[in-house]
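See below for the structure under consideration.
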There are 2 protein chains.
Amino acid sequence: MKLASLKHGRDGRLVVVSRDLNWFTDAFLIAPTLQAALDDWDRTAPLLRVLAESLEHEAVPRGRFHERDAAAPLPRAYQWADGSAYVNHVALVRQARGAEVPDSFWTDPLMYQGGSDGFLGARDPIPLMDEAWGCDLEAEIVVVTGDVPRGISATEALDHIRLVGLVNDVSLRNLIPAELAKGFGFVQSKPASALSPVFVTPDELGDRWNGGRLSGALTVSLNNAPFGQADAGTDMTFDFGTLIAHLAKTRSLVAGTIIGSGTVSNRDADGGPGQPVSEGGLGYSCIAEVRTVETLSGGAAVTPFLKHGDTVRIEMLDERHHSIFGAIEQVVEAG
Amino acid sequence: MKLASLKHGRDGRLVVVSRDLNWFTDAFLIAPTLQAALDDWDRTAPLLRVLAESLEHEAVPRGRFHERDAAAPLPRAYQWADGSAYVNHVALVRQARGAEVPDSFWTDPLMYQGGSDGFLGARDPIPLMDEAWGCDLEAEIVVVTGDVPRGISATEALDHIRLVGLVNDVSLRNLIPAELAKGFGFVQSKPASALSPVFVTPDELGDRWNGGRLSGALTVSLNNAPFGQADAGTDMTFDFGTLIAHLAKTRSLVAGTIIGSGTVSNRDADGGPGQPVSEGGLGYSCIAEVRTVETLSGGAAVTPFLKHGDTVRIEMLDERHHSIFGAIEQVVEAG
């Protein structure tokens, strides 16, 4: 099933959305918010599934679903931890700034605790006070967990994944080096991220969801030009079960925890960095990566970071070219 | 006024507590949880204040307040960001492991985004799977904010502080170096922290609360022996307004954000590291610091990290030796 939160108060109002994303029906009587549904998932999930089936059969009152009306599915969450599962991305970015990639990066997930107190809706603008901060998008896959016990194994962790979605993990590249040097993670260089309009249950994804990885091209556009189409199921060094187990090694996780994959990134067929979409490649899921490739190949980065007025679009289409999660589409605004 | 959350469901049940911590009265009709009260503070705070006054005058139904019945005031919060405002502590710990203390540490706050999805109650045990992880306490002051707009100044930020309390920021010292080396902050080395039974409004603190700093000895006991009595108002390089402004530089903060001071630490009168309480000094607010002092003075750390069965107690007493926030008192347990 597919779930969304229509803009309403601090936490939105939970609705079930039809598979084609055209219709919604109110789920308020089952749970007023997505967090409330996740808090009591064993009770609410079966009821929501019945409601979703009724919506498909037009057996319940329904309204047109507009992605612009959607808040983030969890407008404020109790936890957001973002991995770097596509180590190819990390290796490229580090290579370009002359930093080492320790061998451990291929076996021990890199992960940071992010700010979870305010997620942007999929159509909300990206507020950017200062273009000199080097604003970048990062197109990623996320999962939402139920309650996860401390010390869980990577395999067991897969059973605790309740929902799958997309995130634009907005990053301020020029603030990152100073924060990395402190070792304490990202505080100022990671402002609010945006979530896809709709989150879906793993069963809804069929064969795309396998072993804690989601397969399919993550299409990224920059100012309406194709920018990336890397496959999220390829080159994902750590699956979501491994990422969850990493976070839960020393503490339990509460229902509604959002875990990110890190920027999706594929190696080129020849093992090198990706080529631009315009040159037949799979492109990039963040600007830092194309700048890295430009630096490695031509000595200098050419593509600028985001400026006021720029538009970012992130989406995944199914085999019939229908949007699975709806589109994140954001304009960068002064503010 | 003083507020607490009695253990009940995922978020506790909001109560107002008497100044002497002996009595409580239910605040459910004003707000069912502390988060709900913070979400609507302009409406709820005046009502809660009236209730608190009525409780002092025994004009409302009341029950005995037992600190053991208290959950963390915010059992799950949308944000927990911990500063290192007592740069003396950071400098000492770095010195002992031969790491540099950059000059910027004295002007640019060190802060990490912590896991906020599960805070322990003040009497909850500290679960520790492996003693080899090097479990440590960290006694700190915390504040809870209202909604904070992006880009706020340090001075303006002070007006957004709603509550003040204590935290035991449990740390796994032997997992920290590897995570620091990654630069992405703490994921596994900071398990769940414990909050004091009671949080209080700044006005309740009188002259102790001044310029975004709380004055008073933070008394720490280890296995019932005095371990620390550093004054939280001394040597705090960055006040809470500065810490909030640091976190809010590029994004707004949601009501209920918890900001920590970092481990309270005082320099000795002669400017050197603190002496043990048993030798007439102010002692320490974490084991890492005494181990640091031992290493610097004798070549090796002597005091062990916490083991199963050890007890930690953290409290601040007022001038009449009454507990202000109640005591955090935790036993380390296998698990």
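The values are calculated or read from the model by the stated rules, or taken from the named source; none is laboratory data. As the structure is a prediction and not an experimental result, all values here were calculated from the model. Glycine also receives a Cβ, built like all others from the backbone with ideal geometry; neighbour counts cover every protein chain displayed. Ligands, DNA and RNA are excluded from the accessible area calculation, which covers all protein heavy atoms including side chains. Shrake-Rupley method; radii C 1.70, N 1.55, O 1.52, S 1.80 Å.
Overview of values
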| read-out | value |
| --- | --- |
| Any pair with Cβ under 9 angstrom, 6 or more apart, that starts in the range A:261-279 at a residue that is under 21 Å from A:Gly241 (Cβ atoms) and ends at one that is of a type in the set (Lys, Arg) | A:Ser261/A:Arg213 |
| Answer from A:Phe186, A:Phe227 - the residue that is touching a residue at least 12 places away in the same chain (Cβ under 8 Å) and either out of contact with any strand residue (DSSP E or B) (no Cβ under 7 Å at 6 or more places or on another chain) or within 12 Å of chain B (Cβ to nearest Cβ) (or both) | A:Phe186 |
| Any hit, the range B:126-138, residues being assigned to a helix (DSSP H, G or I), open to solvent by 40 Å² or more (accessible area, probe 1.4 Å) and not β-branched (Val, Ile, Thr) | yes |
| Failed condition for A:Asn88, given (1) touching an Asp or Glu at 6+ places or on another chain (Cβ under 6 Å); (2) assigned to a loop (DSSP other than H, G, I, E, B) | (2) |
| Test: A:Val101 is surrounded by fewer than 22 Cβ atoms within 10 Å (Cβ to Cβ), β-branched (Val, Ile, Thr) and not in a loop (DSSP other than H, G, I, E, B) | no |
| Any hit, the range A:195-203, residues being in a helix (DSSP H, G or I), of a type outside the set (Phe, Trp, Tyr) and either outside the structural domain of A:Ala327 (by the TED database) or out of contact with any Cys (no Cβ under 6 Å at 6 or more places or on another chain) (or both) | yes |
| Residue within the range B:191-213 that is touching a residue at least 40 places away in the same chain (Cβ under 8 Å), open to solvent by 30 Å² or more (accessible area, probe 1.4 Å) and among the aliphatic types (A, V, I, L, M) present | no |
| A:Arg251 away from every other protein chain (no Cβ under 14 Å) and either of a type outside the set (A, V, I, L, M) or free of Cβ contacts under 8 Å to residues at least 24 places away in the same chain (or both) | no |
| Check on B:Leu158, of a type in the set (A, V, I, L, M) and more than 10 Å from chain A (Cβ to nearest Cβ) | yes |
| Residues within the range B:45-61 that are assigned to a loop (DSSP other than H, G, I, E, B) and either open to solvent by less than 60 Å² (accessible area, probe 1.4 Å) or touching a residue at least 40 places away in the same chain (Cβ under 8 Å) (or both), tallied | 1 |
| Test: A:Gln95 is modelled with pLDDT of 95 or more, of a type in the set (S, T, N, Q) and not in a loop (DSSP other than H, G, I, E, B) | no |
| Sole exception among (1) open to solvent by 20 Å² or more (accessible area, probe 1.4 Å); (2) more than 17 Å from A:Lys249 (Cα to Cα) for B:Met111, by number | (1) |
| Residue within the range B:270-282 that is at pLDDT 95 or above and touching a strand residue (DSSP E or B) at 6+ places or on another chain (Cβ under 8 Å) present | no |
| Options B:Ala192, B:Ala139, B:Ala132: the member that is closer than 24 Å to B:Asp39 by Cα and of a type outside the set (Lys, Arg) | B:Ala192 |
| Hits in the range B:296-325 (condition: open to solvent by 50 Å² or more (accessible area, probe 1.4 Å) and more than 23 Å from B:Ile126 (Cα to Cα)) | B:Leu296, B:Ser297, B:Gly298, B:Gly299, B:Ala300, B:Leu317, B:Glu319, B:Arg320, B:His321, B:His322 |
| Residue within the range B:62-83 that is on the phi > 0 side of the Ramachandran plot and among the small types (Gly, Ala, Ser) present | no |
